[in-house]
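The values are calculated or read from the model by the stated rules, or taken from the named source; none is laboratory data. Bear in mind the structure is a predicted one, so any value in this text is a computation, not a measurement. Neighbour counts run over all protein chains shown; Cβ positions are idealised from the backbone, glycine included.
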Amino acid sequence: MANLKQIKKETLEQNPSLLNPVYKMHEKEVRVVLRNCDVIDPEDINQYIARDGYFALEKALALPPVEVIELMKESGLRGRGGGGFPTGKKWEFAYNNVSDTKYIICNADEGDPGAFMDRSVLEQDPHSVIEGMIIAGYSIGAHTGYVYVRAEYPLAAKRLQLAIDNAVELGILGECVLDTDYSLNIEIRLGAGAFVCGEETALIASIEGERGMSRIKPPYPAAKGLFGKPTIINNVETLSNVPQIIFNGPKWFKSFGTKDSPGTKVFALAGKVKYNGLIEVPMGITLGEIIHDIGKGVGKKRQFKAVLTGGPSGGCLTEKHLNESVDFDNLVRLGSMMGSGGMIVLDDHDCMVDIAKFYLDFSVDESCGKCTPCREGTIQMFKLLEKISDGTGTVEDIEKLRDLSVSVKESSLCGLGMTAPNPVLSTLEHFYDEYLEHVNDKRCKSSSCKGLINEYFITDKCTGCTICARRCPVQCISGSLKEQHTIDPSICIRCGECFASCNFDAIITK
Ligand SMILES: Cc1cc2nc3c(=O)[nH]c(=O)nc-3n(C[C@H](O)[C@H](O)[C@H](O)COP(=O)(O)O)c2cc1C
């Protein structure tokens, strides 16, 4: 059996830099899930062990499963896959459901556009997920585990497989885990990259070899999941929190975050911020701290407009929400949601109608087609948005869009359809004037809806910096350095490159 203490000692002697403090992008970050990222070699199991890896498993295996579940309940950990369901409670359901066979599944489908948190954890710290899975499997009495990872993540799948093989070689996984009478085999299942397959019942269907389609709940997977057996499905980030909670104790975990959303959250901060990338922050941090302190804002020349949390299932929040706490319940209260952790910042060059259309287009494509509200409703919503953005929409269309959004939300079968209208509803709530401008004035002031743009003009705000002329793909802009430029409308293809590149707001549309 692997002597974890010995491996740790020898590895640290060879590589003392593994004791270096955890890397952080900003002082406001707290790295629990990302603690090993950029620190260890993910292909070396010894380096994971050197940073206390698999010690939590050793500790958990010495306890009866109910006590492990109790620790998880005490920690207050909530699922990081989007729903925020209490992890300990979910494990308890599966534990109480008596069955000869149970399963543990890691959901690594990660289909949100703009999100890459789970991918990074799998690529840079795969053992933390495996350790979390073994602890979860032990707690509920599962002897088979699957990691459902999308095939577009080949490096993640490769490193995960290597990590599984190395853990088996050391007796940490497989028959008699760490010399106990508990056994668990973990296999990888590659998904073909359908967003709906991240939804737990569709994911189960996909592993069973069926078409990835959701089914009505209840029964929940903890009662009747994979092949009809009690199954726990947890997200990558949820599982990689587990070893840290067992190792450091629930009290330590609760020292970060808020009372009802303890711990940290990893976000993929993207869009119009100076610094983007993965960040891990304590729950309860404000949106403003993330965007302005960590992301360093949208830059001097632009104005912050909105932030989208929760990807295609989420909503937009605005300037007035910058002091709001980022936690599961507050984001829902504000009309958005945590989702899995995509966070896209928008500035005054972004059109909210266009953004709603972008996300809805995604949902239309990704709807599994099983239920009518989602299959047909999202298409009709998309057509209304197209009308609004190409200049043929009316105020009645906006109202139809709102009504339809509510119907799709209330009557869809699964989370995909239930949340697909969120970007539309939240942009309607916070940016209704922008919708009206599109239908009444036939104007898109951020120059995103090309159907509404007849011509671009350069005003006397132009400083003659030449950037627009250099960016123009059809060379329709002329002028000398430091002098006002002009656009030749007979050549202009209205691509919007000049508008997007101008730092002086000198280009307007008509
Ligand atoms: C359309 C849709 C896509 C989803 N995609 C994911 C995903 O990629 N990863 C994930 O962990 N959860 C995803 N979920 C949530 C899962 O259904 C499930 O709640 C989650 O895996 C449970 O794990 P947790 O309790 O650890 O959050 C998705 C849900 C919906 C409705």
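Here are the numbers:
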{"read-out": "Subset tally (residues that are surrounded by 16 or more Cβ atoms within 10 Å (Cβ to Cβ) and either closer than 22 Å to Pro113 by Cβ or of a type in the set (D, E, K, R) (or both)) for the range 418-442", "value": "16"}
{"read-out": "Check on Ser336, assigned to a helix (DSSP H, G or I), surrounded by 23 or more Cβ atoms within 10 Å (Cβ to Cβ) and not β-branched (Val, Ile, Thr)", "value": "no"}
{"read-out": "Matching residues, the range 233-260, being closer than 17 Å to Arg80 by Cβ and polar (S, T, N, Q)", "value": "Asn234, Asn235, Thr238, Ser240, Asn241, Gln244, Thr258"}
{"read-out": "Qualifying positions in the range 246-295 - within 16 Å of the ligand (Cβ to nearest atom), out of contact with any Phe, Trp or Tyr (no Cβ under 9 Å at 6 or more places or on another chain) and either without any contact (Cβ under 8 Å) to a residue 60 or more places away in the chain or of a type in the set (Gly, Ala, Ser) (or both)", "value": "Gly257"}
{"read-out": "Residues of the range 88-116 classified as closer than 20 Å to Leu190 by Cα and either in contact with a Ser or Thr (Cβ under 7 Å, 6 or more places away or on another chain) or more than 14 Å from the ligand (Cβ to nearest atom) (or both), total", "value": "5"}
{"read-out": "Residue satisfying all of: in the range 182-195; assigned to a loop (DSSP other than H, G, I, E, B) and within 15 Å of the ligand (Cβ to nearest atom); farthest from Val364 (Cα to Cα) among these", "value": "Ala192"}
{"read-out": "Which numbered condition Phe85 misses (of (1) of a type outside the set (D, E, K, R); (2) surrounded by 19 or more Cβ atoms within 10 Å (Cβ to Cβ); (3) within 11 Å of the ligand (Cβ to nearest atom))", "value": "(2)"}
{"read-out": "Residue tally, condition assigned to a helix (DSSP H, G or I) and hydrophobic (A, V, I, L, M, F, W, C), over the range 120-154", "value": "9"}
{"read-out": "Odd one out for Gly209 among (1) surrounded by 17 or more Cβ atoms within 10 Å (Cβ to Cβ); (2) without any contact (Cβ under 8 Å) to a residue 24 or more places away in the chain", "value": "(1)"}
{"read-out": "Residues within the range 61-88 that are of a type outside the set (Lys, Arg) and under 17 Å from the mean Cα position of the chain (by Cα), tallied", "value": "6"}
{"read-out": "Some residue of the range 160-181 being under 21 Å from the mean Cα position of the chain (by Cα), within 14 Å of the ligand (Cβ to nearest atom) and surrounded by 17 or more Cβ atoms within 10 Å (Cβ to Cβ)", "value": "no"}
{"read-out": "Matching helices (runs of 4 or more DSSP H) fully within the range 196-286 where at least 1 residues are closer than 21 Å to Gly53 by Cα and either assigned by TED's automatic domain parsing to the domain that holds Lys28 or basic (Lys, Arg) (or both)", "value": "236-248, 250-254"}
{"read-out": "Candidate set from the range 228-245 (those that are under 23 Å from Ala202 (Cα atoms) and more than 21 Å from the chain's Cα centre (by Cα)); member that is nearest to the ligand (Cβ to nearest atom)", "value": "Thr231"}
{"read-out": "Qualifying residue in the range 401-417 (condition: surrounded by fewer than 21 Cβ atoms within 10 Å (Cβ to Cβ), in contact with a Lys or Arg (Cβ under 8 Å, 6 or more places away or on another chain) and not assigned by TED's automatic domain parsing to the domain that holds Phe195)", "value": "no"}
